[in-house]
Amino acid sequence: MAMDGSFVVPGTAAGGEWVDEVLLGGAAARVGLRLPEVVEVGKLRRLVRERQRELARSGLRAGGAAALRLPPSLAFVTYLLAVWRSGAQAILLDHRLTDYEVRRAIERLVPQVVVSPQRPVVAGLRTFVDVEADVASYSGHPASTSHAVVQLSSGSTGPSKVIGRTAQALVDEVLRYTKIDGVPLEGERVILLPSMVHVLGLVGGLLYGLHAGVELVPPARLTGDAIVQAIAAEQTPATVLGVPFHIGLLASVQEPPKLPQFKRMTTGGELVPAAVSQAFEEKYGVPLGNMYGMTEVGVIGTDLYGAHRPAIRPAPGIDVRVVDGELQIARPESPYLGLVDPARWSDGWLRTRDAGVVDAETGLVSIKGRLDSQVSVGGLKVDLTEVEYTLGTLRGVEAAVVVYDGAITAYLQLKERRETVRLEAELSQRLASYKRPRTLHVLDQLPRTTTGKLVRDLTVLRKAVP
């Protein structure tokens, strides 16, 4: 570690020294995970070395590639760190993918080793499970790139993209977190709700927590009551890390106890409507922080005190600009592997496909939704994000997705029974006629990605209609 707090990863992914220095350093007795049994860093080091020897016996070497198809578990954490410590590339496959999807990914990425559960995982509502892993050799080849991790995007608007990040990029993001005001500090806890297979749970939870000496606490179950119990279990300050879907779980707790150790909740994935954040803050008396990021970059901007909602402040070291209404992020290289639209990255800038505005005086960034949310109806511009937001303000609406398929169409999930004619009447008081959906579809459950994001893919939404 340099004097300025930076860390330069030697060479490429083939050097695994960064794991020990950045993630598994410090006193052996410090708590890494609380499951609820305590897993100290010294035990993690021992388990990682054992996994590393096991992977080596299956043929994994420095510069190789291993696919991990494991649920959030101690096995996932230790095998992931063992792959990196071996100087190899980790391909992360969500355990909820079907066998067909996994086969396609493995055939495409051809790892040398595949790590998967020995038996089918029946997790139910559990956020962290106990699994025995099977390590199998595969007729793959060494990693074709120097990326330390390969992930699949959430696929909320279409097919998943294959995204690679170097060890240096991961380390830089971990250190970026340490410079953000309001993040959990050493000796505090993170109640970890998002999956560690995806970027928020992986870097914002697991990697940052290990580096900063923050205890990672997955609740026993993914319910509002279990999250509250996890917060209350210890007296040390606790931050809940999740996505907007998890706000609803906490909001469902009728009379939560006094929680003086509850420091804040931080959400990523999607912007939170003002009404939702206000209701949450009134119920729990803690700020609801917002985080904006991408699998390709990690954290881009934050507002952890809820002071600028819906705007965010760029994270330290992140350069942003707006070109033709689109938010772009400075990146030294393309994060994409394989076939992808070459226009997504060029000349050192990554196109987010999100509409945005940067305030010239304050530097605050306002995300205006997806670029493809701007449509023309009868020659008049309509922002589908505005329509979604307005639907979300109607009584009884839990979530909404608005798309354009020749006409504006809305898909709703309700938390109480309401007639669509009533919803349409209320909407007519809040939106001009040309902005209002021609059709309202009420679903028992809106489709979501594995990270909890609402799916906006037309094909998936149409299939979900009864």
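Per-structure values
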quantity	calculated
Selected residue (only one of 279, 315 is closer than 29 Å to residue 263 by Cβ, small (Gly, Ala, Ser) and over 22 Å from the mean Cα position of the chain (by Cα))	279
Answer residue from the range 341-358, given it is more than 14 Å from residue 330 (Cα to Cα) and crowded, with 17+ Cβ neighbours inside 10 Å and is nearest to the chain's Cα centre (by Cα) among those	354
Flag for residue 121 being β-branched (Val, Ile, Thr) and within 21 Å of residue 56 (Cβ to Cβ)	no
Subset of the range 321-366 (residues that are in contact with a Gly (Cβ under 8 Å, 6 or more places away or on another chain), in a strand (DSSP E or B) and under 17 Å from residue 298 (Cβ atoms))	327, 330, 336, 354, 365
Filter pass, residue 281 being closer than 30 Å to residue 393 by Cβ, surrounded by fewer than 18 Cβ atoms within 10 Å (Cβ to Cβ) and not small (Gly, Ala, Ser)	yes
Filter result (farther than 17 Å from residue 382 by Cα and in a loop (DSSP other than H, G, I, E, B)) within the range 434-447	444, 445, 446, 447
Residues satisfying the stated conditions in the range 257-273, i.e. over 20 Å from the mean Cα position of the chain (by Cα) and open to solvent by 50 Å² or more (accessible area, probe 1.4 Å)	257, 258, 260, 263
Pick from the range 253-311, criterion of a type in the set (Phe, Trp, Tyr) and in contact with a Phe, Trp or Tyr (Cβ under 9 Å, 6 or more places away or on another chain), ranking: modelled with the lowest pLDDT	284
Residues of the range 291-333 satisfying the condition of being free of Cβ contacts under 8 Å to residues at least 40 places away in the same chain, open to solvent by 60 Å² or more (accessible area, probe 1.4 Å) and under 18 Å from residue 276 (Cβ atoms)	307, 309
Given (1) part of a loop (DSSP other than H, G, I, E, B); (2) small (Gly, Ala, Ser); (3) surrounded by fewer than 20 Cβ atoms within 10 Å (Cβ to Cβ), number of the condition residue 143 does not satisfy	(3)
Odd one out for residue 62 among (1) in a loop (DSSP other than H, G, I, E, B); (2) surrounded by fewer than 23 Cβ atoms within 10 Å (Cβ to Cβ); (3) touching a helix residue (DSSP H, G or I) at 6+ places or on another chain (Cβ under 6 Å)	(3)
Among (1) of a type in the set (Ser, Thr, Tyr); (2) closer than 22 Å to residue 197 by Cβ; (3) out of contact with any helix residue (DSSP H, G or I) (no Cβ under 9 Å at 6 or more places or on another chain) - the single one residue 305 does not satisfy	(2)
Of residues in the range 374-401 being outside any loop (DSSP other than H, G, I, E, B) and touching a Phe, Trp or Tyr at 6+ places or on another chain (Cβ under 8 Å), the one nearest to residue 280 (Cα to Cα)	400
Within the range 204-295, strands (runs of 3 or more DSSP E) holding 1 or more residues that are outside the structural domain of residue 393 (by TED's automatic domain parsing) and closer than 26 Å to residue 41 by Cα	215-217, 238-242, 262-267
Residue list for the range 359-404, restricted to those being among the aliphatic types (A, V, I, L, M), in the same structural domain as residue 453 (by TED's automatic domain parsing) and open to solvent by 50 Å² or more (accessible area, probe 1.4 Å)	380
Number of positions in the range 43-56 that are closer than 22 Å to residue 191 by Cα and loosely packed, with under 15 Cβ neighbours inside 10 Å	0
Residue within the range 225-243 that is closer than 29 Å to residue 370 by Cα, touching a Gly at 6+ places or on another chain (Cβ under 7 Å) and open to solvent by 20 Å² or more (accessible area, probe 1.4 Å) present	no
Selection count where residues are touching a Lys or Arg at 6+ places or on another chain (Cβ under 9 Å) and of a type in the set (A, V, I, L, M, F, W, C), scope the range 279-306	5
So residue 55, is it over 24 Å from the mean Cα position of the chain (by Cα), within 17 Å of residue 114 (Cβ to Cβ) and modelled with pLDDT of 95 or more	yes
Of the criteria (1) outside any helix (DSSP H, G or I); (2) open to solvent by less than 50 Å² (accessible area, probe 1.4 Å); (3) not β-branched (Val, Ile, Thr), which one residue 81 fails	(1)
Matching residues in the range 405-433 - criterion: being open to solvent by less than 20 Å² (accessible area, probe 1.4 Å) and either in a loop (DSSP other than H, G, I, E, B) or at pLDDT below 85 (or both)	407, 431
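Conditions (1) farther than 30 Å from residue 152 by Cβ; (2) in contact with a helix residue (DSSP H, G or I) (Cβ under 9 Å, 6 or more places away or on another chain), marked per residue:
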| residue | (1), (2) |
| --- | --- |
| 215 | no, yes |
| 227 | no, yes |
| 232 | yes, no |
| 246 | no, yes |
| 266 | no, yes |
| 287 | yes, yes |
| 295 | no, yes |
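The values are calculated or read from the model by the stated rules, or taken from the named source; none is laboratory data. Since we're looking at a predicted model, the values are computed, not measured. Counting neighbours? That spans all protein chains shown, and the Cβs are built from the backbone with ideal geometry, glycine included. Side chains are part of the model used for accessible areas, which takes the heavy atoms of the whole protein and leaves out ligands, DNA and RNA. Shrake-Rupley method; radii C 1.70, N 1.55, O 1.52, S 1.80 Å.
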